[in-house]
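I have placed the structure first, in the form of structure tokens, so that the comments after it can refer back to it.
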Amino acid sequence: MAGNNTKILKKANTYLVLNSIIEAESITIEEVAKTTKLSRPTVVNIVKELTERNIIFKSGFAEYTGGRLPMQLSLNADSYYAIGIDFEFPPIRMAISNLKGKVVHKKSIVVEKHFSRTQIIDFMFKELESMIEESAISQEQLIGIGIGLLGYLKATQGISMEIQRIPDWKDVDFKSLIKERFDLPVYVQNDIHMMALAERRLFLPELNDDFAYVGIRPGIRSAIGLAMHINGSFYGGMDGNAHLLGHMTIDVNGDLCSCGSRGCLEMLVGEPHVIRRYKQLVGLDEKSDAIHSIRDIHELALQGEATAQKVLDEMGNYLGVGIANVVKLFGLSTVVIGGPDSELYVELTQEHLRKNIFKNMSGELKIIVGKLEQEYYPLGSCFLVIEHYFKEPTLKL
């Protein structure tokens, strides 16, 4: 163990102790020693230090079994806080959570669409400073800022390479900009991955299967993303750019996508395309504001309008094929579809999805409606910060 020094070993042992307390909610020193296989004196010293740092506290006594009453230990969730940002543009959502992911303060802003890159960043930073000030949480209690970004990333470097809906947005070094302004650790990841992380933590804690999370963000610049939960963790791929489901080629002769390819899934099932397709079929001018969303078309379909039904069936078929490709590629038993209209997308897609996978897989496939609401999207980035704060150190053996 030549590469390990005392400091690293202590950090590793502290991680083991702290993780056992977090997982158990309430636990005694003896139980920690048994769980971690550390000596009791080692556990006692670590517990003493964590208590002095106010990260854990004595939460009561365990059941009496004779002798001295054993003390219960619990995580002090309000000792430190994480900041999370969901950068969608023009909406930007921000939140502050405690160590257990409870949101203690949140804020949503809408950026003017004509703003330049510099104006967008400056506006967001001022609003973020305002939120921190309103929360009355001290700088010493903040452990970092996480940000979920759409577009292409260099996640490990904290660089947003491109956001197509912002013309002058190229190679924005968010990590450096935020760190310089707020003097906190910064973590950058794909926005759909952050939605999936929050969904997993809040609503699917008991789900042990590998699963695909399909995040659908509607609107004028709709986006479709994917996060894969494999062997207990989310797979990020090359610099956080894994699973760009919206740019899966479905029709090689289809319309040109902004990414440079033809027939991308987003070009076939994105809300702008579906609305445009409906207007063309019924003879409405493209600029007509008679139809604003897929929900408007769905209402017409429920009333029996054949064109609305046709358009939505086409959309469900394309999306079903795209997700089916993922299911077959990874041999999955579970798919979660999230986003503001997740229930509607599941309704329109599930039949097409099932018919495009093997029959023996179809009966076993679970399709789950995501429950995460938009105002809590930034919570995924809070969890990202917390995960890094409690991250297990890597030991050199």
* To do: In vacuum, with every alpha carbon of the stretch 13-102 counted as one equal point scatterer, what does the Debye formula give for log10 I(q)/I(0) at q = 0.19, 0.20, 0.23, 0.26 Å⁻¹? Two decimals, please.
  => -0.85, -0.91, -1.11, -1.31
* So what is the 222 nm mean residue ellipticity for the chain from helices alone, if each DSSP H run of at least 4 adds -39500 (n - 2.57) and you divide by all residues, rounding to the nearest 500 deg cm²/dmol? -> -12500 deg cm²/dmol
* Structure fact -> Between the Cα axis of helix 271-282 and the main Cα principal axis of the chain, the angle (0 to 90°, nearest 10) is 20
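Restrict the search to the stretch 226-331; then list the GluC sites (Glu not before Pro) that DSSP places in a loop and that have at most 11 other Cβ atoms within 10 Å of their Cβ.
Sparse-neighbourhood loop GluC sites (Glu not before Pro): Glu286.
Once the Cβ-Cβ distance between Leu256 and Glu23 is put in as r, and R0 is 51 Å, what FRET efficiency do you end up with, to the nearest 0.05?
0.55
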* Histogram of C-alpha separations across the stretch 246-374, 10 Å bin width, % -> 12, 39, 37, 11, 1
* Asked: Considering only protein heavy atoms, what per residue accessible area in square angstrom results for the stretch 246-397 with a 1.4 angstrom probe?
  -> 51
* Structure fact -> For the chain, the percent of accessible surface on carbon and sulfur atoms (probe 1.4 angstrom, ligands and nucleic acids excluded) is 50
* To do: Describe numerically, in nm with one decimal, the distance between label points set 7 Å from Cα along Cα→Cβ at Phe390 and at Leu207.
  => 2.0
* Asked: the stretch 104-208: D in µm²/s via Stokes-Einstein (Kirkwood Rh, Cα pairs, 37 °C, 0.692 mPa s)?
  -> 216
* Asked: What percent do you get for the relative contact order of the chain when only Cα pairs under 8 Å and 6+ apart count?
  -> 18
* Structure fact -> Of all C-alpha pairs within the stretch 129-271, those more than 22 angstrom apart amount in percent to 49
* If Val43, Val104 are ordered by their accessible area, calculated over protein heavy atoms with a 1.4 Å probe, which sequence runs from highest to lowest? -> Val104, Val43
* To do: Could you work out the Kirkwood radius for the stretch 215-299, taking every pair of different alpha carbons, averaging 1/r and inverting it, reported in Å?
  => 14.4
* On average, how much accessible surface per residue is there in the stretch 76-211, in Å², for a 1.4 Å probe, leaving out ligands, DNA and RNA? -> 43
* 31 Å Cα-Cα threshold exceeded, pairs from Lys100/Lys366; Lys310/Lys366; Lys310/Lys359; Lys7/Lys175; Lys10/Lys100 -> none
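How much space per residue, in cubic angstrom, does the convex hull of the C-alpha atoms of the chain take up? It would help to have the intermediate numbers written out before the result.
Values: hull volume 74.0 nm³, N = 397.
For the chain, the hull spanned by Cα atoms encloses 187 Å³ per residue.
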* Structure fact -> In degrees rounded to 10, the 0-90 angle between helix 6-24 Cα long axis and the longest Cα principal axis of the chain is 70
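The values are calculated or read from the model by the stated rules, or taken from the named source; none is laboratory data. Bear in mind that the values here come from a model prediction, so they are computed numbers and not experimental data. Methodologically, a virtual Cβ is constructed for each residue, glycine included, from the backbone with ideal geometry; neighbour enumeration extends over all protein chains shown. Keep in mind that these areas ignore ligands, DNA and RNA; they rest on the heavy atoms of the full protein, side chains included. Shrake-Rupley method; radii C 1.70, N 1.55, O 1.52, S 1.80 Å.
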